[in-house]
Amino acid sequence: MTSPAPLHGPHLRERFAALDDFLCAHQDVWRPVPFTERDLPWERQHSELATWLRGRTLADADAIHNHPETLQAPAPYPQLAARATELSHLGELPATRSEPVANAFTVDVPGRKWQQIDAFASRLSFRQAPDHWLDWCSGKGHLGRRLAHDGTPLTCIELDPQLVVAGQQLSQRLGLCATHREQDALATDAFRHLTAAHTAVALHACGDLHVRLLELASCAGCRQLAVAPCCYNRIQTPDYQPLSQAARASALQLSRADLRLPLSETVTAGTRVRRQRDQSMARRLAFDLLQRELRGEDRYLPVPSLPASWLAKPFVDYCRDLCTLKALPEPPTQDWRALETEGWQRLAAVRNLELPRSLFRRPLELWLLLDRALYLEEQGYQVRLGSFCPTHLTPRNALLLAER
Ligand SMILES: C[S@@+](CC[C@H](N)C(=O)[O-])C[C@H]1O[C@@H](n2cnc3c(N)ncnc32)[C@H](O)[C@@H]1O
């Protein structure tokens, strides 16, 4: 199961079943969100771990955030970490010889995006050479152009008319045989752009958008597909709609909130941005204590995202204004400094209590990816699932390759 090869054939189904068991068995650990719940159900059962985590600082939590599996914590943490690591293993897709392209192709592309595109393009080893690339939710179509640099025809599908125009100009300037089409990928007429001759690619098309491609491409009989999914929570339904028979038969029901878990790694932000994010969260957690008291209800109350200028307000004004915004009674005079400090203490606890949950980020993502892989198998494709680049280039580094 831990072979370094990409997942394919029966391994897809085997890994899915193992992940499904693991996720179902530990729902009490990964489902509750420490930010919104003051006490987590698993804390009673694993009190030594809970006490140990609650005793750690914010800096302790931040230091381990991106590698929670390496934390030396009381049971059952090490056991969960070991199993999560084993089940999360995803081999690299083999790199193929990809011809370098002229610098003109990289015009207008941010450096890291180009590295992702180059890595994605280098992993597309199909038995048959593609005849026509289809770049789905293409933005300006940088990926499509990278692939179609040799003159293979290219169609780009994109919703934003400005990106369509900009993309068409870039393609024309390079003399490529490319058509950029303005199209809502979710509209009922989106199918008309797909034919069996297409090799469809999608780099980081969100939730429903890439799922739609899997459905339409299967229906049109597209010969090959290469999809790197992202933002699993961007779906129109309140709950996740499983695609494959295996996922449909699973006891696992996923809400949109659950689907956020795989995306909850914080990207490497600068010190100032991190400090601002921490301050905002500490204030929200402090306000949460206040609102529970004012409402006489021990339940989280969602607060909309606020402009950064709110952080410049004195804490007392922040609380008062937020009470007005949420139509709560005027808060009584109190020790505001003590409340603000409590917010920071809660933030430290929240970040540490998130660590057991974060062990399930990759297993849940892999479960979702395998649902897509198994669906494509059911549609008659041979599927490989592996990584196309290291996680520091993008945490959404998994690529599904399918061919008929
Ligand atoms: C995360 S970007 C990825 C763009 C490109 N594939 C890349 O990797 O640079 C997602 C793209 O999907 C487009 N998009 C969003 N909703 C869409 C829809 N309903 N139909 C088609 N494209 C859509 C956005 O405008 C955006 O260009």
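The values are calculated or read from the model by the stated rules, or taken from the named source; none is laboratory data. Keep in mind that this is a model prediction, so the values were computed, not measured. Here the Cβ positions follow ideal geometry from the backbone for every residue, glycine too, while neighbour counts run over all protein chains shown. Note: accessible area is taken over every heavy atom of the protein model, side chains too, but ligands, DNA and RNA are not part of it. Shrake-Rupley method; radii C 1.70, N 1.55, O 1.52, S 1.80 Å.
Points to keep in mind about this one:
- Scoring residue 372 on the criteria (1) open to solvent by less than 10 Å² (accessible area, probe 1.4 Å); (2) among the basic types (Lys, Arg); (3) over 19 Å from residue 16 (Cα atoms) leaves a single failure, condition (3).
- Filter result (within 14 Å of the ligand (Cβ to nearest atom) and surrounded by fewer than 19 Cβ atoms within 10 Å (Cβ to Cβ)) within the stretch 169-181: 181
- Among the residues of this structure, residue 253 does not count as one that is in contact with a Phe, Trp or Tyr (Cβ under 9 Å, 6 or more places away or on another chain), buried (at least 19 other Cβ atoms within 10 Å of the Cβ) and more than 30 Å from residue 327 (Cα to Cα).
- Meets criteria (without any contact (Cβ under 8 Å) to a residue 60 or more places away in the chain and within 12 Å of the ligand (Cβ to nearest atom)) for residue 279: no
- Residue list for the stretch 187-199, restricted to those being away from the ligand (no atom under 12 Å from the Cβ), open to solvent by less than 30 Å² (accessible area, probe 1.4 Å) and among the aliphatic types (A, V, I, L, M): 194
- Restricting attention to the stretch 54-73, the residues being in a loop (DSSP other than H, G, I, E, B), among the aliphatic types (A, V, I, L, M) and over 18 Å from residue 362 (Cα atoms) number 1.
- Among the residues of the stretch 148-167, those that are assigned to a helix (DSSP H, G or I), within 12 Å of the ligand (Cβ to nearest atom) and open to solvent by 20 Å² or more (accessible area, probe 1.4 Å) comprise 161, 162, 163, 166.
- Meets criteria (on the phi < 0 side of the Ramachandran plot and in contact (Cβ under 8 Å) with a residue 24 or more places away in the chain) for residue 166: yes
Residue-by-condition table, conditions (1) among the polar types (S, T, N, Q); (2) open to solvent by 50 Å² or more (accessible area, probe 1.4 Å); (3) at pLDDT 95 or above:
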site	(1), (2), (3)
4	no, yes, no
21	no, yes, yes
36	yes, no, yes
40	no, no, yes
44	no, yes, yes
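- Test: residue in the stretch 101-110 that is buried (at least 21 other Cβ atoms within 10 Å of the Cβ) and more than 14 Å from the ligand (Cβ to nearest atom): no
- Only residues that are exposed (fewer than 14 other Cβ atoms within 10 Å of the Cβ) and either small (Gly, Ala, Ser) or in a helix (DSSP H, G or I) (or both) were counted across the stretch 266-288, and they come to 8.
- Each residue in the stretch 117-131 was checked for being under 20 Å from residue 204 (Cα atoms) and either open to solvent by 40 Å² or more (accessible area, probe 1.4 Å) or basic (Lys, Arg) (or both), and 2 pass.
- Hits in the stretch 284-296 - residues which are over 25 Å from residue 351 (Cβ atoms) and without any contact (Cβ under 8 Å) to a residue 24 or more places away in the chain: 296
- Of the residues making up the stretch 133-144, just one is away from the ligand (no atom under 11 Å from the Cβ) and open to solvent by less than 10 Å² (accessible area, probe 1.4 Å), namely 134.
- For the stretch 222-238, a residue qualifies if it is over 22 Å from the mean Cα position of the chain (by Cα) and open to solvent by less than 20 Å² (accessible area, probe 1.4 Å), and the qualifying residues are 222, 224.
- Residue identified as aliphatic (A, V, I, L, M), under 18 Å from residue 79 (Cα atoms) and within 21 Å of the chain's Cα centre (by Cα) among 12, 49, 23: 23
- Checked against (1) modelled with pLDDT of 95 or more; (2) away from the ligand (no atom under 16 Å from the Cβ); (3) under 30 Å from residue 184 (Cα atoms), residue 90 meets all criteria but (3).
- Exactly one residue among 196, 129 is among the aliphatic types (A, V, I, L, M), part of a loop (DSSP other than H, G, I, E, B) and touching a Gly at 6+ places or on another chain (Cβ under 7 Å), and that residue is 196.
- Considering the stretch 85-126, and only residues there that are assigned to a helix (DSSP H, G or I) and among the β-branched types (Val, Ile, Thr), the residue that is nearest to residue 401 (Cα to Cα) turns out to be 117.
- Applying the criterion of at least 2 residues that are modelled with pLDDT of 95 or more and within 23 Å of the chain's Cα centre (by Cα) to the helices (runs of 4 or more DSSP H) found wholly in the stretch 295-404 leaves 336-358, 361-378.
- Residue among 208, 184 that alone is open to solvent by 30 Å² or more (accessible area, probe 1.4 Å), near the ligand (Cβ under 10 Å from one of its atoms) and not in a loop (DSSP other than H, G, I, E, B): 208
- Out of 288, 298, 239, sole residue that is in contact with a Phe, Trp or Tyr (Cβ under 7 Å, 6 or more places away or on another chain) and away from the ligand (no atom under 16 Å from the Cβ): 288
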